[in-house]
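A.B. asks: Handing you this structure, nothing more for now.
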Amino acid sequence: MDNTEKVEIGYTVPKERWIEAAKNLEDLGNVLAGNLLAINGDGRGQEDADALMADIVLACLALNHVAEFAVDKCRIIPVTGQNGG
């Protein structure tokens, strides 16, 4: 076991980028929740907006946790899609 070598793939991003991503996601969530309230197609716009924001808050919490405690542990691995993007 003394001859083990650590292999890392992908890349890391700085703490500030994780925080920025969380803020951007929260801003997007607020816009989408506002749209759900405005559309209110099935009469459940408030419920839909609340459910969406609960999910987004959870995702933002995870991003902020990574920013504070795991920047060096979380690596970004680019994956190309069907259209090359």
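The values are calculated or read from the model by the stated rules, or taken from the named source; none is laboratory data. Note that the structure is a prediction, hence the values are computed from the model and not measured. FYI the Cβ positions are ideal-geometry reconstructions off the backbone, even for glycines, and counts take in every protein chain you see.
A.B. asks: Pull up the stretch 45-71, narrow it to residues that are touching a residue at least 40 places away in the same chain (Cβ under 8 Å) and part of a helix (DSSP H, G or I), then point me to the one that is surrounded by the fewest Cβ atoms within 10 Å (Cβ to Cβ).
C.D. replies: Taking the stretch 45-71 as the starting set, the residues that turn out to be touching a residue at least 40 places away in the same chain (Cβ under 8 Å) are 63-64, 66-68, 71.
Now restrict to residues that are part of a helix (DSSP H, G or I): 63-64, 66-68.
Details: LEU63: 21, ASN64: 16, VAL66: 18, ALA67: 20, GLU68: 11.
Going through the qualifying residues, I end up with GLU68.
A.B. asks: Could you list, in sequence order, the residues of the stretch 18-44 that are within 17 Å of VAL71 (Cα to Cα) and either surrounded by 15 or more Cβ atoms within 10 Å (Cβ to Cβ) or in contact with a helix residue (DSSP H, G or I) (Cβ under 6 Å, 6 or more places away or on another chain) (or both)?
C.D. replies: TRP18, ILE19, ALA21, ALA22
A.B. asks: Just checking, does the stretch 72-82 include any residue being farther than 28 Å from VAL7 by Cα, hydrophobic (A, V, I, L, M, F, W, C) and either touching a strand residue (DSSP E or B) at 6+ places or on another chain (Cβ under 9 Å) or at pLDDT 95 or above (or both)?
C.D. replies: no
A.B. asks: Given (1) touching a residue at least 40 places away in the same chain (Cβ under 8 Å); (2) surrounded by fewer than 11 Cβ atoms within 10 Å (Cβ to Cβ); (3) not aliphatic (A, V, I, L, M), where does ARG75 come up short, assuming only one miss?
C.D. replies: Just one mismatch for ARG75, condition (2).
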